[in-house]
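The values are calculated or read from the model by the stated rules, or taken from the named source; none is laboratory data. What you see is a predicted model; the values in this text were computed from it and never measured. Glycine gets a Cβ as well: all are built from the backbone with ideal geometry, and neighbour counts include every protein chain shown.
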Amino acid sequence: MLNFKHLYYFHTVAKAGAVNRAAEKLHLTPQTLSGQISTFETRLGTPLFRRSGRRLELTDAGKMALAYADEIFQVGAELEDVLQNRSSARMATFRVGVADAVPKSIAHQLIAPGLLIEEPTRLICTENRLERLLADLAIHRLDMVLADRPLPPNMDIKGYSHPLGECGIGFFATAELAARLAGTFPQRLDGAPLLLPGEESALRAPLLRWLERQGVQPNIVGEFDDSALMQAFGGAGAGVFPVPMTSTAAMALPPGLLKLGETQEVREHFFAISVERRLRHPAVVAISEAARLTLFARPPA
C-alpha cells in the first residue's frame, strides 16, 4: 500500500526543487529527508529524481508521480473543505493540456469561457509536448488538449480533433526596428532579423515556404518553442515576429509594437482534441462556441 507520508515528502521536494529547501519546510534534516525519498523510490522500484548540478530534476516516472500527487492532495483539500462545511459541494474539475506550440495569449482566450459555465469549475492546466499530452488524454487524465494541429494519424490513440478556428498571420516589430526596414510588405522583411516558432510548431514550415514564395530571405536570429518568450524578445527589439491574427491579437500584445503587414496565405489552426466524437463536456462546448463566435469571428468589412 502507498505510504502517503513518503508521497508528501516526495511532493514537497519536487515542488521545492532541492532537498535542503524542502527539509526546511518539513522541519527535517536533509539527511533524513533524502533517506525517506530513497525508501520511497525503492518501494516504487524506480528513481523519481536525477541530479542536475545543484538541483534535482524529475525523471519521467517522477513527473508522472508528481501529477498523481497533485491530484491526490487537491482531492484531500476538497474533502477537508466539505467535512468542515466550508463548501457545500465539490467543484467540478476541468483538466486541460496545452501544447507548448500554442501561443499563451490565445490559449488563455480559448480556455477562459470554460470557466464561465453555470457549474462551478476548477481549472487544472498543463503545458507539455503534444505527444505527452495526448498520452494523458488517452488514459483520461485530461478532458481536452488544446493544439495547433489535429491528432496525428500515426498515434495509436482514440481521440477526435474538433476545429476551433483559424486565422492569418501578422508580422510585428518595435517602432525602432520597423523604421530601419525600408520598402513595402512583404519585401521589407528581406534581410530583416526574424524570430521564428520552434520546430514543434505547425506554423513554422508553411511560414518558411511562404517567405520563399515571396522571394524574401530574412535573417533568422532566434527560434522559440515558447511563443510568449518569442514575443518578449520581439518586444525588446530582437527581431520581427509572427502573431496569429485573431480578433483580439493586437490587444494582447505589449504596447509600442507596430504591425508591418499580414498574410492570409499562411493560416494558424487551433483544435480541441478530446476522446468524445461529439463534444459533451460543458466547458469544452463553451470553449468551442466562444471561439467560433468571438475569437475567430471575421471582423466586419
Taking segment 8-32, which residues are closer than 17 Å to Leu66 by Cα and not small (Gly, Ala, Ser)? Tyr8, Tyr9, Phe10, His11, Thr12, Val13, Lys15, Val19
Flag for Thr126 being modelled with pLDDT under 85 and assigned to a strand (DSSP E or B): no
Check Gly234, Gly215, Gly198 and return the single one that is of a type in the set (Gly, Ala, Ser) and out of contact with any Phe, Trp or Tyr (no Cβ under 9 Å at 6 or more places or on another chain). Gly215
For Met245, work out the one condition from (1) surrounded by 14 or more Cβ atoms within 10 Å (Cβ to Cβ); (2) in contact with a Leu (Cβ under 8 Å, 6 or more places away or on another chain); (3) not assigned by TED's automatic domain parsing to the domain that holds Ala138 it doesn't fulfil. (2)
Among Gly256, Gly191, Gly237, Gly261, which is within 25 Å of the chain's Cα centre (by Cα) and in contact (Cβ under 8 Å) with a residue 12 or more places away in the chain? Gly237
Taking only segment 15-51 into account, find how many residues are modelled with pLDDT under 90, under 24 Å from the mean Cα position of the chain (by Cα) and not in a loop (DSSP other than H, G, I, E, B). 2
Go through segment 188-205 and count every residue that is outside any loop (DSSP other than H, G, I, E, B) and loosely packed, with under 15 Cβ neighbours inside 10 Å. 1
Restricting to segment 143-182, count the residues that are in a loop (DSSP other than H, G, I, E, B), touching a Leu at 6+ places or on another chain (Cβ under 9 Å) and at pLDDT 90 or above. 5
Could you list, in sequence order, the residues of segment 154-179 that are of a type outside the set (D, E, K, R) and more than 30 Å from Phe241 (Cα to Cα)? Asn154, Met155, Ile157, Gly159, Tyr160
What are the pairs, 6+ residues apart or on separate chains, where a residue within segment 91-113 that is outside the structural domain of Thr246 (by TED's automatic domain parsing) has its Cβ under 7 Å from a residue that is assigned to a strand (DSSP E or B) and small (Gly, Ala, Ser)? Ala99/Ala147; Val102/Ala147
Yes/no for Phe241 being of a type in the set (Phe, Trp, Tyr) and in a helix (DSSP H, G or I): no
